[in-house]
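Colleague: Can you keep this structure in mind? I'll have questions shortly.
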Amino acid sequence: MPNRDAPVADRSSQTKALLADSAVEVSLSGPQLLGKGFREYVRYGYALPGDDPQRDVRTHDLVRFGHIVGVLPVDLARNEVVLIRQFRLPVHLVNRKGELVEIVAGHVEPGERLAQAARRECEEEIGVAPSRLAELFTYFPTPGASDERITLFLGIVDAALVPDRAGSAAEQEETQPFRVSIDAALAAMAGGTMHNGLLVMALHWLALNRRRLAEIAQAGASA
């Protein structure tokens, strides 16, 4: 915790360090492959600084999921967002409401830059390429179970060009793109009718930054 008796500048520096992820010297062994389907399921052994060397080595199983990009497609001229509906079997098994409302998202392919992946996923899932892309932030949605890392982009699109159906045939993907006003999307989020984590995260960001969208988009790159 920050030292309250330290000078203000020192306390600020301590607080900044406290609120930042940091590296740890870990003694690591593995991975041991436990199973492989769409992704690998592996086990690691590890020891943390200060661990009793007489105790058993810690073990952790995880899914190697990799890097994901998400895109919040916004039409600035119409004050609309473009969302998709897509069936998700795991959610269906939980609550029988497997047709989720989502935003554009997908895996980054080997050798592909993040912005390239974001553009490709927009073309595949909503049938429209963004005119500009602004990288927003990166986070780990399930750090206790997977190495999945998601980078979110703001994508500027012409919502009038969105088709009724889209998706990558090669991936057996079927999406139903649709456009709604920003007000309607934020009201639905507040009402708790949508539960896709990336969508909820993106809409919270949108609510906080709505007045700055044009500025943020301009600072981004042409897609």
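Just so it is clear, none of the values below were taken in a lab; they were calculated from the coordinates. Just so it is clear, the structure is predicted and the values come from calculations on it, not from any experiment. Positions of Cβ are generated from backbone atoms using ideal geometry, with glycine treated the same way; all protein chains shown enter the neighbour counts.
Colleague: For residue 222, what charge total do you get from the other residues with a beta carbon under 11 Å from its beta carbon, if Lys and Arg give +1 and Asp and Glu give -1?
Modeller: Its environment carries a net charge of +2.
Colleague: Let me ask you something else. Tell me, what HN-Hα J-couplings in whole Hz come from the Karplus equation 6.51 cos²θ - 1.76 cosθ + 1.60 at θ = phi - 60° for each residue of region 11-20, using x for Gly and Pro?
Modeller: 5, 4, 5, 5, 5, 4, 5, 4, 9, 10
Colleague: Next question, about the same structure. So who's got an amide H within less than 5 Å of the one on residue 76, skipping anything under 5 residues away but keeping other chains? H placed 1.01 Å off N, in plane.
Modeller: Answer set, sorted by chain and number: 157.
Colleague: Could the peptides 120-131, 184-195 be put in order, highest first, of the mean number of other beta-carbon atoms found within 10 Å of their residues?
Modeller: Result, highest mean first: 120-131, 184-195.
Colleague: At 7 Å along Cα-to-Cβ for each site, give me the label-to-label distance between residue 61 and residue 94 in nm.
Modeller: Each label point lies 7 Å from its Cα, and together they span 1.9 nm.
Colleague: For residue 12 and residue 46 in one chain, what is 0.36 nm times their gap in residues minus the Cα-Cα distance, to one decimal in nm?
Modeller: Difference between extended and current length: 8.9 nm.
Colleague: Give me the number: length gained by fully extending residue 34 to residue 188, i.e. 0.36 nm times residue separation minus the C-alpha to C-alpha distance, one decimal in nm.
Modeller: Gain on stretching residue 34 to residue 188: 51.4 nm.
Colleague: Step through the residues of region 208-219 one at a time and calculate ³J(HN,Hα) from phi using the Karplus curve (6.51 cos²θ - 1.76 cosθ + 1.60, θ = phi - 60°), rounding each to whole Hz and writing x for Gly and Pro.
Modeller: Those phi angles translate into 6, 10, 4, 6, 10, 4, 5, 5, 5, 5, 5, 6 Hz.
Colleague: Where the convex hull is taken over the Cα atoms of the chain, what is its projected area averaged over directions, in nm²?
Modeller: 17.1
Colleague: How about region 21-83: which chymotrypsin sites (Phe, Trp or Tyr not before Pro) there lie in a loop by DSSP and see at most 15 other Cβ atoms within 10 Å?
Modeller: The qualifying sites are 38.
Colleague: Now for a different question. List, in order, the whole-Hz ³J(HN,Hα) value for each residue of region 119-128 obtained from phi through the Karplus relation with A = 6.51, B = -1.76, C = 1.60 and θ = phi - 60°; use x for Gly and Pro.
Modeller: 5, 4, 5, 4, 4, 6, 8, 10, x, 9
Colleague: I would also like to ask the following. What does the charge count around residue 99 come to, taking other residues whose C-beta lies under 9 Å from its C-beta (Lys +1, Arg +1, Asp -1, Glu -1)?
Modeller: Spelling it out: positives minus negatives among the neighbours equals +3.
Colleague: Search the structure for amide H atoms under 5 Å from the amide H of residue 66, placed 1.01 Å from N in the peptide plane, and list their residues when 5 or more places away or on another chain.
Modeller: Amide H to amide H, under 5 Å and 5 or more residues apart or across chains, residue 66 pairs with 147, 148, 149.
Colleague: Can you list residues whose amide H is under 5 Å from residue 132's amide H, if they're 5+ apart or on another chain and H is modeled 1.01 Å from N?
Modeller: When sequence neighbours closer than 5 places are left aside, the close amide H contacts are 156, 223.
Colleague: Can you give me the Cα centroid spacing of region 116-135 and region 175-207 in angstrom?
Modeller: Centre-to-centre (Cα) distance: 18 Å.
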